[in-house]
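Visitor: Encoded as structure tokens, here's the structure I'll be asking about.
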Amino acid sequence: MPRDGYSDLLAFIHVAREGSFTRAAAQLGVSPSALSHSVRALEARMDVRLLTRTTRSVSVTQAGARLYERTAPRFEEIDAELLATAEQRRKPAGTVRITTAEHAANTILWPRLSEVLPDYPDITVEVTVDYNRSDIVSDRYDAGVRLGDELAKDMIAVRISPDMRIAVVGSPAYFSGRAKPSTPQDLAEHNCINLRLPTHGGLMVWDFRKGKRELKVRVTGQWIYNSISPIVRAALAGQGLGFLPDDAVAQHIAQGRLVRVLDDWCQPYTGYHLYYPSRRQSSGALAVIVEALRYREPARKAGRPAASKRSPAS
């Protein structure tokens, strides 16, 4: 049968199913006369009578019944597959590439996305841990993670963490026989574990704030790393003082493996944001990731200190 005859075949299937040209025409949105013309064209092409028409009813002939039984289920299968394909296109799918620092990858992206992704098997998330502050457009990332005060103005930014704090910590073994620092200047007498940031090409400056007073301290020590995890390990081993995000060491502090110092100099700073280019159309997959990471801030408590605009390394 020529392909243009499929519409006539569909017309016959609808009439045979409904037993009425009028009802079938209403379903297809055509006139009964047009439907009758299509069925007659099919009968002429096949040279066989498919329907018996009377003034009160329409019924299938033996040949019509056979044709209906053989073809109607196949067209139903095609309709079901077309519907499934359209539904699949509406489901979020594709790869979302994110550039982020190690701390955010471990404490935010992993715990939140690992809970959501099982519900979206067609989404793939590629996380690149990178301190270089990549240009997400030229490097073809879909999104990036940075602290709030480091965001470009032409990006859409979504907060994904609360305000954060830094902690200066050392092990009980390190402080054995040493005086704990009471001011940031006292760090000159201590073995401090440095973090080298590729973005700056040098060692990270330790930022402190107490009231209106702000201090930037360049510390020295025997160990320099370019990520947070080995700094935590070195501090636990008594190798020096670490300058680390509070949540990266909170459990060690609670269990007595690390001791916090200079707490009154470590004020809150702006938390992490997911950012991505301003586009009229973003993928459904990216929308799922944004909503999964979005931070819902609880009601503020009275007397909560304002976040600092200055931020330590992310």
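The values are calculated or read from the model by the stated rules, or taken from the named source; none is laboratory data. Treat the numbers as computed from the prediction; the structure is a model and nothing was measured. Quick reminder, even Gly has a Cβ in these numbers, built from the backbone with ideal geometry, and neighbours come from all protein chains shown.
Visitor: Within the range 215-234, which residues are among the aliphatic types (A, V, I, L, M), part of a helix (DSSP H, G or I) and in contact (Cβ under 8 Å) with a residue 40 or more places away in the chain?
Guide: Just the residues of the range 215-234 that are among the aliphatic types (A, V, I, L, M), to begin with: 215, 217, 219, 224, 228, 231-232, 234.
From the residues that got through so far, the ones that are part of a helix (DSSP H, G or I) too are 228, 231-232, 234.
I228, A234 - these are the residues of the range 215-234 that are among the aliphatic types (A, V, I, L, M), part of a helix (DSSP H, G or I) and in contact (Cβ under 8 Å) with a residue 40 or more places away in the chain.
Visitor: Anything in the range 94-135 that is modelled with pLDDT of 85 or more and touching a Pro at 6+ places or on another chain (Cβ under 9 Å)? List them, or say none.
Guide: Of all residues in the range 94-135, those modelled with pLDDT of 85 or more come to 94-129.
Within the range 94-135, H103, T107, Y120, D122, I123 qualify.
Visitor: Can you tell me which residues in the range 167-197 are surrounded by fewer than 14 Cβ atoms within 10 Å (Cβ to Cβ) and among the basic types (K, R)?
Guide: R178, the sole residue that qualifies.
Visitor: Within the range 190-213, is there a residue that is of a type in the set (F, W, Y), assigned to a loop (DSSP other than H, G, I, E, B) and not assigned by TED's automatic domain parsing to the domain that holds H103?
Guide: Taking the range 190-213 first, the residues of a type in the set (F, W, Y) are 206, 208.
Filter again for assigned to a loop (DSSP other than H, G, I, E, B), leaving none.
For the range 190-213, residues of a type in the set (F, W, Y), assigned to a loop (DSSP other than H, G, I, E, B) and not assigned by TED's automatic domain parsing to the domain that holds H103: absent.
Visitor: Ok, one more. Select from the range 108-122 the residues that are touching a Ser or Thr at 6+ places or on another chain (Cβ under 8 Å) and β-branched (V, I, T) and list them in ascending order.
Guide: I108, the sole residue that qualifies.
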